[in-house]
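Here's the structure, in structure tokens; my notes come after.
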Amino acid sequence: MNSRLVHPWQRIAGLALATCATVLILPKARAERLPAPPAAVSIPNRVVDVTDFGATGDGTMMCTAAIQAAIDKMLSAGGGRVVIPAGRFLCGPLTLGSGIDLHLSEKAVLLMSDKSSDFPVSGNKHTAFLRAAKCTDIRLSGKGTIDGQGARWWEVFLQQKAANDKSAPRRPQLISIENCRRVAVESITTINPPNTHYSIKSCSDVTIDGIRAQAPDESPNTDALNLNRVRNALIRDCDISTGDDNIVLLCGEGKPGQPEVENIVIRDCRIGFGHGISIGSYIGGGVRSVFVNNVSFDRTTSGIRMKAWRDRGGLVENIHYRNIRMKGVRYPIFLSSYYPKEPAHPSADLPRRGMKNDPVWRDIEIRDVEITDSRNSIILWGLPDEPIRNVRFENITASAEVGALVYHAEGISFSDVAIHPEDGPALRVFEAKLRGLPAEREAREHVKFK
């Protein structure tokens, strides 16, 4: 059937040069307006090599001062490329600035010190390894690697957690980019960060292209791409396996009618272990116009994941997922207004305790999805007083241990959807208005996920 053909979204690589929004005519669907591509980064045509400033790539000599001197030299000249050549360059925190392209050559490794004393504490957290704030035109590029040497940090953190020690400062993030315009990350590999790989906060016009982000699946809080209050972003051709969210979109409170996260395109990515592509749990500022296309998930804990609770909710709308393949994913499609824990049964709402920020989920499209070898299939769990609204499922096949669950939802439609559970009905519902798929009312006393 036509919906199995290559979708036009898979052919938008050439649209990066476009200067206006594009309308794609979709088969059997209304036209969807994709956001304009992010504005391109502009870097002056100047180049310095960090070894000219005394950096030595032997993996033992601290190169912080030498590399920072090279960056500062380019800043004073108005920007340019700072090259890290082949070798292992050990250093502490570095500060970037406007017009800087930090370029890691092939076989170059920027090695983060694993000594906590090398990372000053500000407030309740250690300084990030690479950081940029209030800048324009920032780029990280090249085929080299940034190694966070996170094992020691993880060990200490887990010891503190076991001792319930909440006074310790937070581990440093590998890369922190905040309040910046025109940001690009191209081709580099990041491994084993102490905390998040990339924290990108309050930024606009962000392009992340062809990166690889890796950390063990048990490594704590190693989100790969953490996009907080980001507008106009393109994430493409990325390979991510890590210990927390592979990609997460989130935001704190914002102004009504002005979403803090907007116009995000994620496409042509490969997601391994981790917690999937998430929206939330903090969505108070609102999320609008997210397009995810041609993404594979392999043994990921979650695939399509949207999560919040009454203390951190906001409006999430106009969200699209297409051409998705999932294998061995525990929670392939999971949308919950009860993060981090659902009640024992959809009839048993959790107490508000004064919380007033209900999550609002609406106008979500999920189509052209193949799910195999999974424990669960589709879970939608809204609030009794704020149901999930207007979710369209089309052209989906799911082979899982159990069928779908839809609780407290309305305007849910299924078209050309086949769910094949090993046990029980294909769809259980509670206080749900839907069409297109036979359903049984939830009769179990306690709901347990696989």
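The values are calculated or read from the model by the stated rules, or taken from the named source; none is laboratory data. The model shown is predicted, which means the values in this text are computed figures rather than measured ones. When we count neighbours, we look across all protein chains shown, and the Cβ atoms used for this are built from the backbone with ideal geometry, even at glycine.
Within region 193-219, track down each residue that is part of a loop (DSSP other than H, G, I, E, B), surrounded by fewer than 20 Cβ atoms within 10 Å (Cβ to Cβ) and within 16 Å of the chain's Cα centre (by Cα).
Quick first cut of region 193-219, residues part of a loop (DSSP other than H, G, I, E, B) only: 193-197, 202-203, 210-211, 215-219.
Subset that is surrounded by fewer than 20 Cβ atoms within 10 Å (Cβ to Cβ): 202, 210, 216-218.
Ser202, Gly210, Asp217, listed by residue number.
Scan region 317-333 and give yes if some residue there is buried (at least 24 other Cβ atoms within 10 Å of the Cβ), part of a strand (DSSP E or B) and of a type in the set (D, E, K, R), otherwise no.
Yes, region 317-333 has at least one match.
For region 100-129, how many residues meet the condition of being of a type outside the set (A, V, I, L, M, F, W, C), buried (at least 16 other Cβ atoms within 10 Å of the Cβ), under 19 Å from Ala66 (Cα atoms) and over 24 Å from the mean Cα position of the chain (by Cα)?
3
Test of understanding: among Arg353, Arg288, which residue is charged (D, E, K, R) and either within 23 Å of Ala233 (Cβ to Cβ) or touching a helix residue (DSSP H, G or I) at 6+ places or on another chain (Cβ under 7 Å) (or both)?
Details: Arg353 fails: either within 23 Å of Ala233 (Cβ to Cβ) or touching a helix residue (DSSP H, G or I) at 6+ places or on another chain (Cβ under 7 Å) (or both).
Just a single option satisfies the conditions, and that option is Arg288.
Mind checking whether some residue in region 312-324 is modelled with pLDDT of 95 or more, among the basic types (Lys, Arg) and under 23 Å from Val429 (Cα atoms)?
no
What tally of residues in region 339-371 results from selecting those that are assigned to a strand (DSSP E or B) and closer than 18 Å to Phe449 by Cβ? Walk me through it before giving the result.
The first filter runs over region 339-371 and keeps only residues assigned to a strand (DSSP E or B), leaving 360-371.
Among the residues that remain, those that are also closer than 18 Å to Phe449 by Cβ are: 371.
Selection size over region 339-371: 1.
Name the residues in region 132-147 that are closer than 22 Å to Pro85 by Cβ and in contact with a Lys or Arg (Cβ under 9 Å, 6 or more places away or on another chain), would you?
Ile138, Arg139, Ser141, Lys143, Gly144, Thr145, Asp147
Taking the conditions exactly as written (farther than 17 Å from Cys269 by Cα, in contact (Cβ under 8 Å) with a residue 60 or more places away in the chain and either touching a strand residue (DSSP E or B) at 6+ places or on another chain (Cβ under 9 Å) or not polar (S, T, N, Q) (or both)), does Asp205 satisfy them or not?
Details: farther than 17 Å from Cys269 by Cα: yes; in contact (Cβ under 8 Å) with a residue 60 or more places away in the chain: yes; either touching a strand residue (DSSP E or B) at 6+ places or on another chain (Cβ under 9 Å) or not polar (S, T, N, Q) (or both): yes.
When the stated conditions are applied, Asp205 passes them.
Checking the structure you have, find out if any residue of region 269-281 is under 14 Å from the mean Cα position of the chain (by Cα), part of a strand (DSSP E or B), farther than 26 Å from Val429 by Cβ and basic (Lys, Arg).
First, pick out the residues of region 269-281 that are under 14 Å from the mean Cα position of the chain (by Cα): 269-281.
Now restrict to residues that are part of a strand (DSSP E or B): 269-271, 277-281.
Applying the additional criterion that residues be farther than 26 Å from Val429 by Cβ yields 269-271.
Applying the additional criterion that residues be basic (Lys, Arg) yields 270.
Yes, region 269-281 contains at least one residue that is under 14 Å from the mean Cα position of the chain (by Cα), part of a strand (DSSP E or B), farther than 26 Å from Val429 by Cβ and basic (Lys, Arg).
Just to be sure, is Arg267 of a type in the set (Lys, Arg), crowded, with 19+ Cβ neighbours inside 10 Å and within 22 Å of Pro384 (Cβ to Cβ)?
Values: of a type in the set (Lys, Arg): yes; crowded, with 19+ Cβ neighbours inside 10 Å: yes; within 22 Å of Pro384 (Cβ to Cβ): no.
In short, no.
For region 408-417, name all the residues that are closer than 22 Å to Pro384 by Cβ and more than 26 Å from the chain's Cα centre (by Cα).
Going through region 408-417, the residues closer than 22 Å to Pro384 by Cβ turn out to be 408-413.
Across region 408-417, the qualifying residues are His408, Glu410, Gly411, Ser413.
Which pairs turn up if I take residues in region 70-86 that are under 27 Å from Asp58 (Cβ atoms) and look for partners that are surrounded by fewer than 17 Cβ atoms within 10 Å (Cβ to Cβ) and of a type in the set (Ser, Thr, Tyr) with beta carbon separation below 6 Å, at least 6 apart in sequence or on another chain?
Listed pairs, sorted by first residue: Pro85/Ser105; Ala86/Ser105.
All but one of (1) assigned to a loop (DSSP other than H, G, I, E, B); (2) under 23 Å from the mean Cα position of the chain (by Cα) hold for Ile138; state the number of the condition that does not hold.
Only one criterion is unmet by Ile138, namely (1).
Restricted to region 130-141, and to residues that are among the small types (Gly, Ala, Ser) and touching an Asp or Glu at 6+ places or on another chain (Cβ under 7 Å), which residue is surrounded by the fewest Cβ atoms within 10 Å (Cβ to Cβ)? I'd like the intermediate steps shown before the answer.
Step one: list which residues in region 130-141 are among the small types (Gly, Ala, Ser), which gives 132-133, 141.
Now drop any that are not touching an Asp or Glu at 6+ places or on another chain (Cβ under 7 Å), which leaves 133, 141.
Numbers: Ala133: 15, Ser141: 21.
Among those residues, the one meeting the criterion is Ala133.
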